[in-house]
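Let me begin by presenting the structure, written as structure tokens, before commenting on it.
Read the figures in this text as sums done on the coordinates, not as results from a lab. Since we're looking at a predicted model, the values are computed, not measured. Cβ: placed from backbone, ideal geometry, glycine included. Neighbour counts: every protein chain shown.
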Amino acid sequence: MVGEEKRKKRLDRSIKVRTEGLYALSSWGEMAYLIMPRLVLILGLLFLPLILDMYWQRVLCSAGIYALLALGFDFLAEYVGLVCLGGAFFIGAGGYISGLLNAYLGWSPLLSIPIATIAGAVISTLILLPCLRLRGIYFAIVSFMFPLFSVYIIIALNVFGSTEGISALANLPNIWVEQYLILGAIILSLFALRRLVHEDIGVIFQSIKDNDQAVKASGINITVYKAKAVFIASLIGCFGGAYLSHLYGWLGLSLFAMDFSILPIAASVMGGMGSLVGPVLGAFILTPLSEALRGFGQLRVVLYCLILIGFMVYKPEGLMNYLERKYHQFEHWEKV
Amino acid sequence: MHDESILRVENIRKAFGGVQAVKDVSFSLSKGEILGVIGPNGSGKTTLVNLITGFVRADSGNVFFKKRNIIGIPPHKIVNFGLTRTFQIMRPYHSLSAFKNLIVPLNSPRVRRTRSGKLGDIDAVAIDMLEEVGFERDARVPYKAAGTLPLGYLKRLELARCIALRPDVIICDEIFSGLSMSEITSLIPFLEKLQMEGTTMMMIEHRLRELFKLANRLIVMNFGEKIAEGIPVEVIENQEVKEAYLGTATS
């Protein structure tokens, strides 16, 4: 082509300014480039309930709980450096508190869920507080222990319905409230966390992950900051638990089931650690998949393992990190 | 001199298993001076720093900072009193950009207390501070991830993280090691300026020639003990110091 020289240029090059999360936009096209993925995610989540039938709507609700747990897991592991396998404890704490408030005091779920979210997070943080000095695998092991240990305490003391659990808890008004409550919670916590990690407190969290001794040498009490991070993650997890007990109208020992600790990890690895969106995506893929394979019974666990191994070996960055990288590599023709 | 001392270490001891890493070391640091600490490898210099700053718990002994005994106080609190350190093995937050590395000290209780909410744009303050220690003020360097920076910058970053706290005492653990001559010569005026502004410094060093330009006083360590103390020219003439560095005359 004579007179009209063109060259390929990456879309993101022209809008990135020096540092992460700061852009210079000069056209609607560029703005759309940034907004589109976020819009697709939000609208996609919000439209999902409209196209599903009754059965899959219930699946969506439980997938949402796993998505919240995965989000919290990813935040703690990648942005604070705490690999927390205590997801089931968050669910159990939130679920039991909310369920008990409803069963014994007759509080409506609209009151018991928020209270259980906060109270559960406070309890989870206090219980994990002595372990926050531990790093890496040691913290992971100790956090994994808490849900198991809670189960035996409940059985041994014969409280809270013991092995039977308590049934006939109040449900949420209808299936639409149930779905949009959890989807709203996911969108809210996702965008809140994405904002948080670039704030000063998020920078301190990241520094603790990179080098905790240096953070101490800068005069900051790392235990306090780790506790804040655990509190944030357990708020998200305990909301999931409180919601779960009212979703099923039942509370029992299976709220402390190992699934709640393990599946979020699989979801995070599959979706892409450190992207925050990825784990949510992973949970929304893995939970329906496991539902569809219900006929295989316990063999489903083998499938999880295969997926986990497959992703770790062949796509260690995970789905979302891969897609994000490809998205930023989109090129367009520009006149020279 | 003792009335003026800002930091006083008394008979501090530490053993790791059977190894007596620091043995009854005592010295004091006067306000505004630069004290050099030298000694062969493994003589306990870094352990001494760790003991003073609370990163390692001392077996016995006392450390007085501004007349307060700081033994047993956790390191992050000691830093907030105004006693800071750099690390011999640099510890940048490698995934964060250089200026974001300074967000951490700028959020410490010590800085928050003094700025009392009117610091303005904290990122701009961080970039100013990097310029102060010799980062180019351009569109790239301060925004690069710390993990990708060359050694010279990392040492400056390490120093900048201390300066950000506006400390009374800085303990520099081998800030010159691994740097080229030109990098060192550009760092020296900065350290001199810090001293003029009233910052007291304790410098652990192996680069003796550069240290002698700066230090007002020296202490020499060998096998965990303080073997000499005095002004630089005297200390290097000391027989015991020569033996520690070069071996005994008979061998």
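Charge tally for residue B:227 (other residues, Cβ to Cβ under 15 Å; Lys, Arg +1; Asp, Glu -1): -2.
Each semi-axis of the equivalent ellipsoid for the stretch B:2-246 is √(5λ) with λ an eigenvalue of the Cα gyration tensor; in descending order they amount to 30, 21, 17 Å.
Mean 1/r over all different Cα pairs, inverted: what Kirkwood radius does chain A give, in Å?
The answer is 21.3 Å.
If you count Lys pairs in chain A whose Cα atoms are under 20 Å apart, skipping same-chain pairs closer than 8 places in sequence, the total is 13. Rounded, prolate or oblate for the stretch A:45-142? Axes are the square roots of the Cα gyration tensor eigenvalues, ordered a ≥ b ≥ c, and the cut-off for rounded is a/c under 1.5. Oblate.
Measuring against 19 Å, Cα to Cα, the residue pairs B:100/B:155; B:14/B:77; B:100/B:144 contain B:14/B:77 as the ones spanning a longer distance. When the Cα positions of A:131, B:53, A:98 are compared along the charge dipole of the protein assembly as shown, A:98 comes out farthest toward the positive end, with charges on each C-beta of Lys, Arg, Asp and Glu.
Residues A:25, A:68, A:85, A:132, ranked from the fewest to the most other C-beta atoms within 10 Å, line up as A:25, A:132, A:85, A:68. Using only the Cα atoms of the stretch B:73-148, build the gyration tensor, take square roots of its eigenvalues as a ≥ b ≥ c, and label the shape rounded, prolate or oblate: rounded if a/c is under 1.5, else prolate if a/b is larger than b/c, else oblate. Oblate. Between the C-alpha center of the stretch A:277-336 and that of the stretch B:122-139 there is a gap of 41 Å. Rounded to the nearest whole Hz, the Karplus-based 3J(HN,Hα) values (6.51 cos²θ - 1.76 cosθ + 1.60, θ = phi - 60°) of the stretch B:50-63 follow the sequence 4, 5, 5, 8, x, 6, 10, 7, 6, 6, 7, x, 10, 10, with x at glycine and proline.
For the protein assembly as shown, the dipole from Cβ point charges (+1 on Lys and Arg, -1 on Asp and Glu) about the Cα centre works out to 260 debye, to the nearest 20. Each Lys and Arg contributes +1 and each Asp and Glu -1, all at the Cβ; summed about the Cα centre of the stretch B:2-246, the dipole is approximately 960 debye. Per residue, the convex hull spanned by the Cα atoms of the protein assembly as shown amounts to 234 cubic angstrom.
When A:176, A:107 are arranged by Cβ crowding within 10 Å, least crowded first, meaning fewest neighbours, the order is A:176, A:107. Entry for the stretch B:1-125 at q = 0.09, 0.11, 0.15 Å⁻¹: log10 I(q)/I(0) = -0.33, -0.48, -0.83, Debye formula applied to identical alpha-carbon scatterers, no solvent contribution.
Put simply, when B:194-200, A:78-84, B:35-41 are sorted by average Cβ atoms within 10 angstrom per residue, most first, you get A:78-84, B:35-41, B:194-200.
Just to confirm a number: summing +1 for Lys and Arg and -1 for Asp and Glu over residues other than residue B:14 whose beta-carbon lies under 9 angstrom from that of residue B:14, what do you get? Result for the local shell: +2.
Relative to the Cα centre, the charge distribution of chain A, modelled as +1 at Lys and Arg Cβ and -1 at Asp and Glu Cβ, gives a dipole magnitude of about 660 debye.
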